[in-house]
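**Student:** Okay, here's the structure, questions in a sec.
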Amino acid sequence: MRTEIGLLRTMLLIRRLEAAWAEAYARDEIGGIPPALSTGQEAVSAGACAALEPGDVVFTTHRGQAPQVARGLDPTRIMAELYGRRTGYNKGKSYHVTDVSRGVIGMGGIVAAQVPVAAGMALAQKLRGTDRVSLVFFGDGAANEGAVHESANLAAMWTLPLILLCENNGYCISQPVAVAVKAASIADRAAAYGLPGALVDGNDPLAVRDAVAAAVARARAGGGTTLVEARTVRLGGHLAHDPQHYRSREEIAAAWEACPIKRFRARLAAAGLLTEEASARMEAEIEAEIAAAVEFARQSPVPEPREAFEDLWA
Ligand SMILES: Cc1ncc(C[n+]2csc(CCOP(=O)(O)OP(=O)(O)O)c2C)c(N)n1
Ligand SMILES: [Mg+2]
């Protein structure tokens, strides 16, 4: 379990790493699909991953950098991968960063497709007689995909050590969740699968950590799957270049007021756990760490064309 200060540090590290990624994309130093950032959603990854232990496995979505950082992956090697350099986690060949040794299975570009794969991993963990768990992130949009329902039903039937973590950020690209989900909550669906469900404030890292910790304890003890819905707010666009014409300025301004980093920092300060000075020092350290990561990435070589045919699995 990470301490309060550790959780804040993780959230700040995610925010800064992703901002640097978007800045590099805007400068044309990185090509491809515009970055999918977790700005405003950092408490979900930080809290959830703080409840995990070595050997547990997470499966991430297209918004996958936040869980990678929260799981303790090296920001320098993540940045190198985002730059497509050979020093990155996937040798510069895919920004779907993977580090099996740290329990991060690569991101999934196909919405909801990681959920059945995570259920398969949980089945393997169970059949091997381990007490390790799998945790899969999926969005509110993904929650309406058949793959999620099929996996949840099987996971319940087979009592799999699985945590279904729905990161509800209020939008599926430009579609608000209010016009896509009729039920009061996605967590309520758990009852229909015969699973426990929990709804938590996804902008509170401690609430997320505690809800996921309870689900993990249950799974380790052989109690099976839990569905956790973490309600958060996407502060930016769907992807970094999205001008968000479908949202009012007032809505965006209100969302920034509830920024989880701002809120958690104020809470720690009020509890006497964080001074202004310590907070500024932490931010400066993170700023320097990410600046060094960007410089390392810029100076790293790109892979040779022939390397495209290495590390393939079929
Ligand atoms: C099966 C599938 N359908 C559609 C898409 C296009 N798509 C990419 S991200 C996305 C939004 C998913 O929304 P949500 O699950 O809420 O995740 P969020 O982007 O909000 O994190 C969509 C529809 C896709 N990649 N895969
Ligand atoms: Mg969403």
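**Student:** How would you rank LYS93, LYS182, LYS262, LYS126, going from fewest to most other Cβ atoms within 10 Å of each one's own Cβ? Please report the intermediate quantities before stating the final value.
**Tutor:** Values: LYS93 17, LYS182 6, LYS262 12, LYS126 21.
Going from sparsest to densest Cβ surroundings: LYS182, LYS262, LYS93, LYS126.
**Student:** Okay, moving on. List the aspartates and glutamates whose alpha-carbon lies under 12 Å from that of LYS93, not counting same-chain residues fewer than 8 positions away?
**Tutor:** GLU81, GLU304, GLU307, GLU310, ASP311
**Student:** If packing is taken as the average number of other Cβ atoms within 10 Å across a peptide's residues, how do 3-13, 235-245 rank, most packed first? Write out the running numbers ahead of the final one.
**Tutor:** Values: 3-13: 19.5, 235-245: 15.8.
The densest-packed peptide leads the list: 3-13, 235-245.
**Student:** Using just the C-alpha positions of the stretch 4-302 as equal point scatterers, what log10 of I(q)/I(0) does the Debye formula give at each q in 0.07, 0.09, 0.14 1/Å?
**Tutor:** -0.25, -0.42, -1.04
**Student:** Here's another thing I want to ask about it. Which whole-number percentage describes the relative contact order of the stretch 4-302, with Cα contacts under 8 Å and a sequence gap of 6 or more?
**Tutor:** Relative contact order, the stretch 4-302: 25 percent.
**Student:** Out of ILE33, ILE163, ILE286, any idea which swings most in a Gaussian network model of the chain, alpha carbons joined below 10 Å?
**Tutor:** Fluctuation is largest for ILE33.
**Student:** Still on this structure, I have one more. Which of rounded, prolate, oblate describes the stretch 132-234, given a ≥ b ≥ c as roots of the alpha-carbon gyration tensor eigenvalues and a/c under 1.5 marking rounded, otherwise prolate only if a/b is larger than b/c?
**Tutor:** On the way: a/c = 2.12, a/b = 1.35, b/c = 1.57.
Oblate shape, in that a/c is at least 1.5 and b/c is the bigger or equal ratio.
**Student:** Here's something else I'd like to know. Whole-Hz Karplus ³J(HN,Hα) for the stretch 207-216, in order, using 6.51 cos²θ - 1.76 cosθ + 1.60 and θ = phi - 60°, x for Gly and Pro?
**Tutor:** With the stated coefficients, the stretch 207-216 comes to 5, 5, 4, 5, 5, 6, 4, 5, 5, 5 Hz.
**Student:** Can you tell me the FRET efficiency between LYS91 and GLU285 if r is taken as the Cβ-Cβ distance and R0 is 30 Å, rounded to the nearest 0.05?
**Tutor:** Result of the calculation: an efficiency of 0.60.
**Student:** I would also like to ask the following. Starting from the 7 Å offset along Cα-to-Cβ, what nm value, one decimal, do you get for the label separation of THR130 and GLN244?
**Tutor:** 3.9
**Student:** Using a Gaussian network model of the chain whose springs link C-alpha atoms within less than 10 Å, name the residue from ALA184, ALA51, ALA124 with the highest mean-square fluctuation.
**Tutor:** Of ALA184, ALA51, ALA124, the most mobile in the Gaussian network model is ALA184.
**Student:** Given the Cα-Cα distance of GLU307 and ALA178 and 0.36 nm per residue of separation, how much length would full extension add, in nm?
**Tutor:** Working it through step by step, the gained length comes to 41.9 nm.
**Student:** Going by average Cβ neighbours within 10 Å, how do the peptides 249-256, 23-30 rank, with the highest at the top? Could you put the intermediate results ahead of the total?
**Tutor:** Details: 249-256: 12.0, 23-30: 14.1.
Result, highest mean first: 23-30, 249-256.
**Student:** Starting from the Cα of GLU150, step 7 Å toward the Cβ, then list every residue of the stretch 102-117 with an amide N under 16 Å from that point.
**Tutor:** The answer is 110-117, whose backbone nitrogens lie closer than 16 Å to the label point.
**Student:** If amide H atoms are built 1.01 Å from N in the plane of the peptide, which residues on other chains or at least 5 residues away come under 5 Å of the amide H of VAL104?
**Tutor:** VAL58, ASP99
None of the figures in this text is laboratory data; all of them are computed from the coordinates on show. All values derive from a computational prediction rather than experimental measurement. As a convention, Cβ positions derive from the backbone with ideal geometry for all residues, glycine included, and neighbour counts pool all protein chains shown.
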